[in-house]
Amino acid sequence: MKKNREKHQKKAWKNGHEAKFEQMVGEYQNAKAMLDSMKVGTTEYSQHQKHCDSLFAKAERFFKQHQ
């Protein structure tokens, strides 16, 4: 019986991480879409590009930790 319980806990843990990762990817895709619509070379563009890079790095670190 103990094995069965551990299996369910691991499955729930995995599903929680997948949902979090999907949310992070969605945030990055929205930010990237907004970045693509901005004019290149402006200060807003460079700030938003840094934000997109940080979102991507955050999602990448999260994925590597919870693989």
Segment 19-31 residues that are on the phi < 0 side of the Ramachandran plot, paired with ones that are assigned to a helix (DSSP H, G or I) and of a type in the set (Lys, Arg) (beta carbon under 7 Å, 6 or more apart): MET24/LYS58
Those residues of segment 52-63 which are farther than 19 Å from ALA19 by Cα and surrounded by 15 or more Cβ atoms within 10 Å (Cβ to Cβ), in sequence order: CYS52
Residues within segment 34-51 that are without any contact (Cβ under 8 Å) to a residue 12 or more places away in the chain and open to solvent by 60 Å² or more (accessible area, probe 1.4 Å), tallied: 9
Where LYS7 falls short, out of the listed (1) over 13 Å from the mean Cα position of the chain (by Cα); (2) in a helix (DSSP H, G or I); (3) at pLDDT 90 or above: (3)
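The values are calculated or read from the model by the stated rules, or taken from the named source; none is laboratory data. Remember, predicted model here, so these are calculated numbers, not experimental data. Here the Cβ is made from the backbone with ideal geometry for all residues, glycine too, and neighbour counts use every protein chain on show. We work out accessible area using only protein heavy atoms, side chains counted, and drop any ligands, DNA or RNA first. Shrake-Rupley method; radii C 1.70, N 1.55, O 1.52, S 1.80 Å.
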